[in-house]
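Derivation of every value follows stated rules applied to the coordinates shown; laboratory data play no part. Note that the coordinates shown come from a computational prediction; the quantities given were computed from them, not determined experimentally. Glycine gets a Cβ as well: all are built from the backbone with ideal geometry, and neighbour counts include every protein chain shown.
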Amino acid sequence: MKRVGIAAALFVVGCLGHPTLAAEPPKPAELKVLEKFEGTWDCEIITKPAVWTPKEMREKAVEVNEMTLDGWFLHGCSKTPDGKPLVIMMNTYDPLRKKYHFWRFAGRGCEELDGQWDEAASTLTITTDHGNGITTKAAFHVIDKDHREYNVAAKDGDGKIYLDIHGTVTRRK
């Protein structure tokens, strides 16, 4: 019976949500970058042969992104063309750390990633250290309001390629 009481108390607390501050902090201008990724997008992905992916793969996906939680987060979901979820994402900008922060959920678990926006190149870049000298660099280039491209490459210090992905992304009209 004690467990039921504890579960009920946790449910009530969870339903109350996060308390609102008397004065919400202003949204950083950097959140505008995430708005560039809003919408429904058709993706074409080519994974080239590499250590982690020995055979070339060509895939298509549909990505749906929307700003949520009062514009503080970009929530996204990538699915196969027949609707099977591939990835769920949450993205925001952390003004204290001055970095974009990403949570990526896929079948194998969750990744937390940090990135930087280069306004001149119109590119969001995420770098991840996997240990063992292997680093992944993912660059998401905004070509214009309806087109993006990205490259994801994992390499070691000697230049050995572990992962090599290229994608083109087109806004669905």
*Conditions: (1) part of a strand (DSSP E or B); (2) within 29 Å of ASP156 (Cβ to Cβ). VAL62 meets all but one. Number of the miss?*
(2)
*If you check every pair at least six apart or on different chains, which have Cβ atoms under 7 Å apart with a residue in the stretch 135-150 that is touching a residue at least 12 places away in the same chain (Cβ under 8 Å) and more than 16 Å from HIS101 (Cα to Cα) first and a residue that is among the hydroxyl-bearing types (Ser, Thr, Tyr) and not in a strand (DSSP E or B) second?*
HIS141/SER122; VAL142/SER122
*Hey, can you tell me all the residues within the stretch 151-173 that are within 19 Å of the chain's Cα centre (by Cα) and surrounded by 18 or more Cβ atoms within 10 Å (Cβ to Cβ)?*
VAL152, ALA154, LEU163, ASP164, ILE165, GLY167, VAL169
*Failed condition for VAL51, given (1) under 27 Å from ILE143 (Cβ atoms); (2) surrounded by 12 or more Cβ atoms within 10 Å (Cβ to Cβ), with all others met?*
(1)
_Being farther than 19 Å from THR168 by Cα, hydrophobic (A, V, I, L, M, F, W, C) and either within 13 Å of the chain's Cα centre (by Cα) or not in a strand (DSSP E or B) (or both) is the filter here; which residues of the stretch 97-145 pass it?_
PHE102, TRP103, PHE105, ALA106, CYS110, LEU113, ALA120
